[in-house]
1. Of the residues 180, 204, 145, which single one is closer than 26 Å to residue 420 by Cβ and in contact with a helix residue (DSSP H, G or I) (Cβ under 9 Å, 6 or more places away or on another chain)?
2. Output the residues belonging to the range 11-53 that are at pLDDT 95 or above, part of a loop (DSSP other than H, G, I, E, B), out of contact with any strand residue (DSSP E or B) (no Cβ under 7 Å at 6 or more places or on another chain) and more than 13 Å from ligand 2 (Cβ to nearest atom).
3. Mind checking whether some residue in the range 194-201 is in the same structural domain as residue 19 (by TED's automatic domain parsing), part of a loop (DSSP other than H, G, I, E, B) and within 15 Å of ligand 2 (Cβ to nearest atom)?
4. Suppose we filter 85, 61 for residues that are more than 17 Å from residue 141 (Cα to Cα), more than 10 Å from ligand 1 (Cβ to nearest atom) and free of Cβ contacts under 8 Å to residues at least 24 places away in the same chain; which single one remains?
5. Here are 375, 346, 341: which of them is surrounded by 18 or more Cβ atoms within 10 Å (Cβ to Cβ) and in the same structural domain as residue 281 (by TED's automatic domain parsing)?
6. Specify the residue that is surrounded by the fewest Cβ atoms within 10 Å (Cβ to Cβ); the eligible residues are those in the range 128-183 that are on the phi > 0 side of the Ramachandran plot and within 12 Å of ligand 2 (Cβ to nearest atom).
7. Among the residues of the range 102-113, what is the count of those that are at pLDDT 95 or above, more than 10 Å from ligand 2 (Cβ to nearest atom) and either in a loop (DSSP other than H, G, I, E, B) or surrounded by fewer than 22 Cβ atoms within 10 Å (Cβ to Cβ) (or both)?
8. How many of the residues making up the range 60-96 are part of a strand (DSSP E or B) and under 37 Å from the mean Cα position of the chain (by Cα)?
Ligand SMILES: NC(=O)C1=CN([C@@H]2O[C@H](COP(=O)(O)OP(=O)(O)OC[C@H]3O[C@@H](n4cnc5c(N)ncnc54)[C@H](O)[C@@H]3O)[C@@H](O)[C@H]2O)[C@H](O)CC1
Ligand SMILES: [K+]
């Protein structure tokens with residue numbers, strides 16, 4: 001039984017009445033989405049299976065043709081599943097007799113939050129055949145086989161059209177491959193206590209507030225951002241970051257360019273300023289002169305000694321900073337130096353490859369990996385993907401799923417980096433800026449849809465910000 005269920009039960013709500021409420025909400029969702037048709041309800045030995053038995057009883061009462069398939073022989077069921085099965089008045093078939101093609105809808109109630117080992121035997125056989133079939137599946141709490149804590153698949157799992165869960169999403173609904181298997185996620189309230197701290201939050205505007213400029217503001221008060229640019233050949237990445245910062249509302253954005261690339265940057269940028277930078281001392285002078293409230297370093301920076309020394313110089317100023325791409329990779333042979341230089345106003349934005357270079361020994365599921373990295377870095381780490389995870393020491397981690405596969409396009413990450421810096425420059429802390437930036441960036445990608453490119457994203461970020469902001 002989960003921590004939350006145990007507390008609800010201890011608080012006086014019986015397990016069977018929680019199951020009854022859960023089943024009623026599932027049946028509401030099922031009947032709201034599917035017309036009456038032959039339903040196969042696959043039931044496991046635990047409370048997920050108990051939900052299944054209660055759903056079967058309610059569907060039968062609504063005159064649906066229902067067949068229950070049970071993994072454990074009905075006479076051997078114990079606990080809530082045994083009790084609910086007994087009270088249902090239904091007789092089950094063994095799970096091995098299940099044939100998906102005979103059903104018009106399959107209710108997957110084999111395992112939920114209590115899955116503890118890989119599926120084998122009849123459960124595996126049933127889910128393998130279901131995964132191959134074309135019949136719609138409604139998963140109860142989780143697609144059986146998906147680990148609710150990590151989103152990984154233990155053995156096998158069948159893709160659901162809809163997953164109905166209770167109280168709040170679990171990490172397994174938000175992290176790949178669970179994210180791709182659960183279909184539409186419906187979260188229903190069954191009266192569990194509200195105060196328990198979740199394992200992770202699902203990113204959205206209720207977690208942060210976008211900054212709004214004061215009436216009598218000026219461009220530097222709106223937030224100045226300094227983006228370190230790379231050599232002539234790779235300037236696009238820093239420009240995309242600069243546009244990302246500007247389009248999320250920073251008031252003044254400057255690109256710090258190597259002398260040899262100044263003309264190229266100047267020719268490509270209008271609203272963004274360009275200033276020369278040479279060595280670490282000039283980098284520090286420029287940070288001060290540009291009144292930067294946030295810095296970006298890494299996109300297109302080059303894996304060079306100059307990048308490394310600019311990162312360390314920038315971190316020494318303790319101005320909020322996003323450290324990305326080459327600025328991470330350049331520490332591949334000596335990650336400790338980066339770890340020691342980092343401060344709590346930094347955000348690291350690695351993809352999984354860059355993550356492996358700076359945290360080579362950290363492995364496991366994405367939520368634990370990101371938490372371990374944040375603890376070591378002592379600051380916010382945002383690990384990118386379809387399921388971006390943002391972790392900050394002593395904060396509940398946040399999972400962002402607002403993106404789209406169309407965002408897997410060259411340069412999209414550079415815009416995200418700039419967006420986060422743009423929000424920090426406007427006053428958001430590292431954690432909130434990373435969360436809000438990731439959310440808006442995903443929304444921008446959704447708005448762009450098929451064929452969106454990184455060049456489109458800054459403009460779309462502006463639209464996404466306007467859609468989310470209250471003023
Ligand atoms: N608030 C809520 O979230 C509520 C959830 N409900 C439902 O209860 C389940 C969780 O029930 P639980 O009994 O803890 O776990 P499961 O039913 O998922 O399974 C446990 C059961 O299965 C055995 N087992 C685990 N892994 C395997 C395996 N690979 N092969 C075979 N057997 C396995 C384990 O030993 C146990 O016997 C939650 O998901 C919701 O659906 C409540 O209905 C209401 C409140
Ligand atoms: K299930």
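1. Numbers: 180 fails: in contact with a helix residue (DSSP H, G or I) (Cβ under 9 Å, 6 or more places away or on another chain); 145 fails: closer than 26 Å to residue 420 by Cβ.
Step by step, each of 180, 204, 145 is checked, and only 204 is closer than 26 Å to residue 420 by Cβ and in contact with a helix residue (DSSP H, G or I) (Cβ under 9 Å, 6 or more places away or on another chain).
2. Within the range 11-53, 35, 36, 38 qualify.
3. Checked the range 194-201: no residue is in the same structural domain as residue 19 (by TED's automatic domain parsing), part of a loop (DSSP other than H, G, I, E, B) and within 15 Å of ligand 2 (Cβ to nearest atom).
4. On the way: 85 fails: free of Cβ contacts under 8 Å to residues at least 24 places away in the same chain.
So the residue among 85, 61 that is more than 17 Å from residue 141 (Cα to Cα), more than 10 Å from ligand 1 (Cβ to nearest atom) and free of Cβ contacts under 8 Å to residues at least 24 places away in the same chain is 61.
5. Values: 375 fails: surrounded by 18 or more Cβ atoms within 10 Å (Cβ to Cβ); 341 fails: surrounded by 18 or more Cβ atoms within 10 Å (Cβ to Cβ).
After applying the criteria, what remains is 346.
6. If we filter the range 128-183 for residues that are on the phi > 0 side of the Ramachandran plot, which is where we start, we get 141, 145, 151, 155, 167, 183.
So of that shortlist, the ones also within 12 Å of ligand 2 (Cβ to nearest atom) come out as 141, 145.
Details: 141: 28, 145: 26.
Looking at the filtered set, the residue picked out is 145.
7. Residues of the range 102-113 at pLDDT 95 or above: 103-113.
Narrowing the set further to residues that are more than 10 Å from ligand 2 (Cβ to nearest atom) leaves 103-106.
With either in a loop (DSSP other than H, G, I, E, B) or surrounded by fewer than 22 Cβ atoms within 10 Å (Cβ to Cβ) (or both) added as a condition, the list becomes 103-104.
Result for the range 102-113: 2.
8. Within the range 60-96, the subset part of a strand (DSSP E or B) is 66-70, 93-94.
Still in the running and under 37 Å from the mean Cα position of the chain (by Cα): 66-70.
Total satisfying the criteria: 5.
The values are calculated or read from the model by the stated rules, or taken from the named source; none is laboratory data. Owing to the predicted nature of the structure, the values given are computational and were not obtained by experimental measurement. A quick note on method: Cβ atoms are made from the backbone with ideal geometry, for glycine too, and the neighbour counts reach across all protein chains shown.
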